[in-house]
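Below is one structure, written out as structure tokens; comments come after it.
The values are calculated or read from the model by the stated rules, or taken from the named source; none is laboratory data. What you see is a predicted model; the values in this text were computed from it and never measured. As a convention, Cβ positions derive from the backbone with ideal geometry for all residues, glycine included, and neighbour counts pool all protein chains shown.
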Amino acid sequence: MKLNKKLLLFIFVAAGMWACKKNNSICTLNASVSATVIASQPCAATGAIIITSPVGSQYRYKLENASFQNEPAFQKLKAGKYRLMVKDANGCEAVKEISIDTILQGTKFTQVFQILANRCLNCHAGNNPQAGLNFTNVCDVLNHWQRIEARAVQGIPSPMPQAGLIPLAERTIIQDWINAGHAYDK
């Protein structure tokens with residue numbers, strides 16, 4: 001019985017094996033691709049993909065359009081979707097899409113973000129925010145924590161908002177977040 005190559009390719013894929021064409025014939029990568037994924041900070045490339053299967057000297061790995069590498073790990077990745085390719089010694093390849101999520105937002109940051117939304121968006125939002133700081137943007141809050149501390153908590157060189165410092169309870173929440181490391185996950 002002669003099988004159609006397209007049907008044969010479908011059978012391999014449905015069985016959990018990866019199939020590819022090599023020199024106009026079908027070869028299979030008889031391994032399921034799996035990986036451990038480490039979430040990333042929202043404003044920095046801190047995520048990682050570590051291939052857990054298949055691993056070994058007979059396999060090479062790459063993300064997107066980069067070159068193949070021997071190590072089954074990719075680090076310093078931003079949150080997003082990635083196309084992972086695994087190639088065996090015969091040249092057969094498997095492709096898997098992997099997503100890196102953003103780390104979970106912490107309670108302290110959530111409270112600070114809400115305070116800034118309530119108190120600062122009249123000036124620090126929209127297409128042309130004051131001082132170029134848009135506090136609807138998580139990265140602007142994380143990257144400018146020192147300025148937030150100086151203006152909104154300490155009132156140096158002048159208080160923000162301009163009408164006067166925000167209530168002490170809210171300044172304390174912001175200062176607690178800063179003292180805890182001013183991070184997204186705090």
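Of the residues that make up region 65-78, is at least one touching a residue at least 24 places away in the same chain (Cβ under 8 Å), more than 30 Å from Ile178 (Cα to Cα), surrounded by 17 or more Cβ atoms within 10 Å (Cβ to Cβ) and aliphatic (A, V, I, L, M)? No. Any residue at all in region 140-151 that is within 28 Å of the chain's Cα centre (by Cα), outside the structural domain of Ala39 (by TED's automatic domain parsing), within 30 Å of Thr36 (Cβ to Cβ) and buried (at least 16 other Cβ atoms within 10 Å of the Cβ)? Yes: one or more hits.
Every residue in region 71-89 that is part of a strand (DSSP E or B) and either not assigned by TED's automatic domain parsing to the domain that holds Ala45 or not aromatic (Phe, Trp, Tyr) (or both), please.
Kept after step one, since they are part of a strand (DSSP E or B), are these residues of region 71-89: 73-77, 80-88.
Selection gives Ala73, Gln75, Lys76, Leu77, Gly80, Lys81, Arg83, Leu84, Met85, Val86, Lys87, Asp88.
Look through region 42-64, keep the residues that are under 28 Å from Tyr184 (Cα atoms) and β-branched (Val, Ile, Thr), and return whichever of them is surrounded by the fewest Cβ atoms within 10 Å (Cβ to Cβ). The extreme case among them is Ile50. Among the residues making up region 98-139, a single one is surrounded by fewer than 16 Cβ atoms within 10 Å (Cβ to Cβ) and touching a Lys or Arg at 6+ places or on another chain (Cβ under 6 Å): Ser99.
Looking across Ala31, Ala48, Ala19, Ala44, one residue alone is modelled with pLDDT under 95, in contact with a Leu (Cβ under 7 Å, 6 or more places away or on another chain) and not in a helix (DSSP H, G or I). It is Ala19.
Looking across region 85-103, the residues that are among the acidic types (Asp, Glu) and touching a residue at least 24 places away in the same chain (Cβ under 8 Å) come down to Asp88, Glu93, Asp101.
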